[in-house]
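**Student:** The structure under discussion is supplied below as structure tokens; questions concerning it will follow.
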Amino acid sequence: MKTKIITITGDLGSGKSTVSNLLCENLKYDYIYTGKIQRKIAHRYGMTTLELNKYSETHPEIDQEIDANFKSLSNASHLIVDSRMAWFFIPDSFKVFLKTDVVIAAERISADKLRNNEIYASREEAVKNIIARKTSENKRYLKLYGADASDMSHFDLVMDTSHITPQQAAETIIREYESWRI
């Protein structure tokens, strides 16, 4: 039987955290996610998450600190793992990529009061920083692991969340996951 781990990755502002929480509620799985770890590290360094990403390009210990949390999960079970590289570190998982329009992502991130180290003066600034952060992350993952996170063939399910609710996304993931496990 296939693993009971769903790995979620995707665009910034695509709803990964919200959808992951819904999956946990519905499936009664535990939740592990990078965002919280990364924001804590950024805060510790007195940086925004974009600044931390750029800093990480020349300081691999940042990614090593983050990734160490996920590399050990291959034998775990009943988990939702929200991490840019979880699909790579847990290759037997059900791998989901959530994508969204960058303008919609900017609006979602700007409206999220929990992202106090991701505050933008304008939607244009948010879009610019989202694109820069994604570029920085993809560059690092290619360099560190030879992993191309922009290659959608790595994923079992790719879903655009631009115009659907988080509940609709979670329902689709559960349906596809249950089919995949058969």
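**Student:** Quick one: helix 102-111 against the long Cα principal axis of the chain, what's the angle to the nearest 10°, folded into 0 to 90?
**Tutor:** 80
**Student:** To continue, here is another question. Kindly report the accessible area of region 24-118 per residue (heavy atoms of protein chains, probe 1.4 Å, no ligands, DNA or RNA), in Å².
**Tutor:** Working: 4780 Å² over 95 residues.
About 50 Å² of surface per residue is accessible.
**Student:** While we're looking at this one, here's another question. Helix 60-71 against the longest principal axis of the chain: what's the angle in degrees, Cα atoms only, rounded to the nearest 10?
**Tutor:** Roughly 20 degrees, rounded to the nearest 10.
**Student:** Just in region 1-63: which GluC sites (Glu not before Pro) are loop by DSSP and have at most 16 other Cβ atoms within 10 Å? Walk me through the numbers on the way to the answer.
**Tutor:** Values: sites: 25, 51, 57, 61; in loops: 57.
Those that pass, being in a loop and sparsely packed, are 57.
**Student:** What do you get for Rg/Rh of region 66-106 when both radii come from the Cα atoms and Rh is the Kirkwood radius? Show your work: numbers first, answer last.
**Tutor:** Values: Rg = 12.3 Å, Rh = 11.6 Å.
Looking at region 66-106, the ratio lands at 1.07.
**Student:** Okay, moving on. Test of understanding: given the chain, find the longest segment containing no trypsin sites (Lys or Arg not before Pro) that are in a DSSP loop and have at most 14 other Cβ atoms within 10 Å.
**Tutor:** Details: sites that count: 2, 28, 113.
Value returned for the longest uninterrupted segment is 29-112.
**Student:** Considering amide H positions built from the backbone, and no H for Pro or chain starts, which residues 5 or more places from residue 33, or on another chain, come under 5 Å of its amide H?
**Tutor:** 82
**Student:** Which Cα, out of 66, 78, 97, lies furthest along the positive dipole direction of region 1-128 (beta carbon charges, K/R +1, D/E -1)?
**Tutor:** It is 78.
**Student:** List the aspartates and glutamates whose alpha-carbon lies under 14 Å from that of residue 128, not counting same-chain residues fewer than 8 positions away?
**Tutor:** Straight-distance partners of residue 128: 11, 51, 101, 107, 118.
**Student:** Separate question: Note down, for region 7-77, the three equivalent ellipsoid semi-axes (square root of 5 times each alpha carbon gyration tensor eigenvalue), biggest first, whole angstrom.
**Tutor:** With the √(5λ) rule applied to region 7-77, the semi-axes are 24, 15, 10 Å.
**Student:** Based on DSSP H runs of at least 4 residues, each adding -39500 (n - 2.57), what is the mean residue ellipticity at 222 nm of the chain after dividing by all its residues, to the nearest 500 deg cm²/dmol? It would help to have the intermediate numbers written out before the result.
**Tutor:** Values: 8 runs with 97 residues, N = 182.
Calculated from helices alone, the mean residue ellipticity at 222 nm is -16500 deg cm²/dmol.
**Student:** Rounding to the nearest 10 and keeping the result within 0 to 90°, find how far the Cα-based axis of helix 34-45 lies from the longest principal axis of the chain.
**Tutor:** 20
**Student:** What do you get for Rg/Rh over region 35-107 if you use C-alpha atoms and the Kirkwood form of Rh? The partial results should precede the final answer.
**Tutor:** Values: Rg = 13.9 Å, Rh = 13.9 Å.
Here the Rg-to-Rh quotient is 1.00.
**Student:** Quick check on my link table: of 71/95; 2/54; 28/54; 2/71; 2/28; 99/143, which ones sit more than 27 Å apart, alpha carbon to alpha carbon?
**Tutor:** Working: 71/95 15 Å; 2/54 37 Å; 28/54 36 Å; 2/71 18 Å; 2/28 17 Å; 99/143 23 Å.
In this structure, 2/54; 28/54 exceed 27 Å between Cα atoms.
**Student:** Under 15 Å from the Cβ of residue 152, count the other residues' Cβ atoms, weight Lys and Arg +1, Asp and Glu -1, and hand me the total. Please list the in-between numbers first.
**Tutor:** Details: positive: 84, 95, 99, 134; negative: 11, 148, 151, 156, 160, 176.
Net charge in that neighbourhood comes out at -2.
**Student:** Rounded to whole Å and sorted largest first, list the principal axis extents of the Cα atoms in the chain.
**Tutor:** Extents along the principal axes: 46, 35, 27 Å.
**Student:** Out of the total accessible area of region 1-155 (probe 1.4 Å, heavy atoms of protein only), what percent is carbon and sulfur?
**Tutor:** Working: 4080 of 7690 Å².
On region 1-155, the fraction of accessible area on carbon and sulfur atoms equals 53 percent.
**Student:** In a GNM of the chain with a 10 Å cut-off on Cα contacts, which of 164, 131, 62 has the highest mean-square fluctuation?
**Tutor:** Between 164, 131, 62, it is 164 that shows the largest mean-square fluctuation.
**Student:** With a cut-off of 8 Å between alpha carbons and a minimum separation of six or more residues, what is the relative contact order of the chain in percent? Could the numbers behind the result be given before it?
**Tutor:** Values: 261 pairs, mean separation 64.2, N = 182.
Once divided by the residue count of the chain, the mean separation gives 35 percent.
The values are calculated or read from the model by the stated rules, or taken from the named source; none is laboratory data. Note that the structure is a prediction, hence the values are computed from the model and not measured. Heads up, the Cβs are rebuilt from the backbone with ideal geometry, glycines too, and the neighbour counts pull from every protein chain shown. The accessibility values were calculated without ligands, DNA or RNA, using every heavy atom of the protein model including side chains. Shrake-Rupley method; radii C 1.70, N 1.55, O 1.52, S 1.80 Å.
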